[in-house]
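Enquirer: Right, I'll just put the structure down here and ask away after.
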Amino acid sequence: MLQKTYEAFTVTIEDKVAHIQMSRPEAMNTMNKAFWNELPAIVRDIDMNVRARCIVISSTGKHFSAGMDLAVFGSGEGGGKVDRYVAAEAFRSNIRQIQSSFNALEEARVPVLFALHGGVIGGAIDMISAGDIRWCTKDAFFTIMETNIAMTADVGTFPRLQRYIPEGWVKEMAYTGRRIDSATAKDIGLVNDVFETHEACVAHAMATAKEIASKDPLTVTGCKTLINYARDHNTADTLDYIGVWNAAMLPPSHMQEAFAARAEKRDPDYPDLLKLRDTPM
């Protein structure tokens, strides 16, 4: 087992599953500077160095996350008069960097699963929208809090959330800033299931991650790639891309191993994905 502690997270890797825990319960796991810098670095390290076949993200304390740490808003470069148009361009560019922190979850070759509890607030909605599967506890609630503090959510909620839940629900949550409870979250498809306790929710996420990790990694990353592609493209383009994918990466030797393992009543032994370069060349 490998374990590493960061300012905003604790990471444990065991049995080809990485468990990333948010670890600032005293601050309701708000998203401070360390959070935004550490999360994409952790996820990309796991993915690019093939440290795990699946990632689970959970949290500690009363709430999953209370969203953006307000101190981040006051941390820009100060001093002197700045042209408002130049400042607007810089703000946009800086927001894109923040957005890339959650893009890392969607871009990872391995699935990213969320075990949620307590408040999933503001930026936490942006975060979980970039994952693959979500579960929550009975006490969980979800709110696009930005509306209540005169902000438009800007780190991924709107382009992603309406892919999982009906547009009317996205608009109701966004326009009103209301909370939705765990039962409603399940009914509208935001989470797959609801558990009585945090421990049960995390245990289910970890068990599912281990099941995913037992499958052929090339097949799993193919599923993630093609499901995400289908979400963003029409049926004809998706079918064509699936054909191209399978023409290049349908693995007969992996299929043979799957059949042999079944016949011999043993676990299959699939090759891991390869490590990726962290620089262009």
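The values are calculated or read from the model by the stated rules, or taken from the named source; none is laboratory data. Because the structure is a prediction, the values reported are computed rather than measured. Cβ coordinates were reconstructed from backbone atoms using ideal geometry, including for glycine residues, and neighbour counts include every protein chain displayed.
Enquirer: Give the residue that is surrounded by the fewest Cβ atoms within 10 Å (Cβ to Cβ), with candidates limited to residues of region 137-152 that are assigned to a loop (DSSP other than H, G, I, E, B), at pLDDT 95 or above and not basic (K, R).
Expert: Once the filter is applied, the top-ranked residue is D139.
Enquirer: Mind checking whether some residue in region 16-32 is of a type outside the set (S, T, Y), surrounded by fewer than 16 Cβ atoms within 10 Å (Cβ to Cβ) and touching a helix residue (DSSP H, G or I) at 6+ places or on another chain (Cβ under 9 Å)?
Expert: no
Enquirer: For region 154-164, name all the residues that are surrounded by fewer than 22 Cβ atoms within 10 Å (Cβ to Cβ) and either outside the structural domain of M68 (by TED's automatic domain parsing) or of a type outside the set (D, E) (or both). Spell out how you get there, then give the answer.
Expert: Quick first cut of region 154-164, residues surrounded by fewer than 22 Cβ atoms within 10 Å (Cβ to Cβ) only: 154, 158-160, 162-164.
Scanning region 154-164 gives F158, P159, R160, Q162, R163, Y164.
Enquirer: Just checking, which of L274, L218, L190 is buried (at least 16 other Cβ atoms within 10 Å of the Cβ) and outside any helix (DSSP H, G or I)? Quick ask: steps written out before the conclusion?
Expert: On the way: L274 fails: buried (at least 16 other Cβ atoms within 10 Å of the Cβ); L218 fails: outside any helix (DSSP H, G or I).
L190 is the lone residue from the list that is buried (at least 16 other Cβ atoms within 10 Å of the Cβ) and outside any helix (DSSP H, G or I).
Enquirer: Separate question: Answer yes or no: is there a residue in region 165-174 that is assigned by TED's automatic domain parsing to the domain that holds L116, outside any helix (DSSP H, G or I), touching a strand residue (DSSP E or B) at 6+ places or on another chain (Cβ under 9 Å) and under 12 Å from I125 (Cβ atoms). Explain how you work it out, then say what you get.
Expert: Just the residues of region 165-174 that are assigned by TED's automatic domain parsing to the domain that holds L116, to begin with: 165-174.
Okay, now just the ones that are also outside any helix (DSSP H, G or I), so 165-166.
Going one step further and asking which of them are touching a strand residue (DSSP E or B) at 6+ places or on another chain (Cβ under 9 Å), we end up with none.
No, the conditions are met nowhere in region 165-174.
Enquirer: Among the numbered conditions (1) surrounded by fewer than 15 Cβ atoms within 10 Å (Cβ to Cβ); (2) assigned by TED's automatic domain parsing to the domain that holds V56; (3) in a helix (DSSP H, G or I); (4) not aliphatic (A, V, I, L, M), tell me where N228 comes up short.
Expert: (2)
Enquirer: Let me ask you something else. Given the conditions (1) under 13 Å from G222 (Cα atoms); (2) free of Cβ contacts under 8 Å to residues at least 24 places away in the same chain, report the number of the one that K265 does not fulfil.
Expert: (1)
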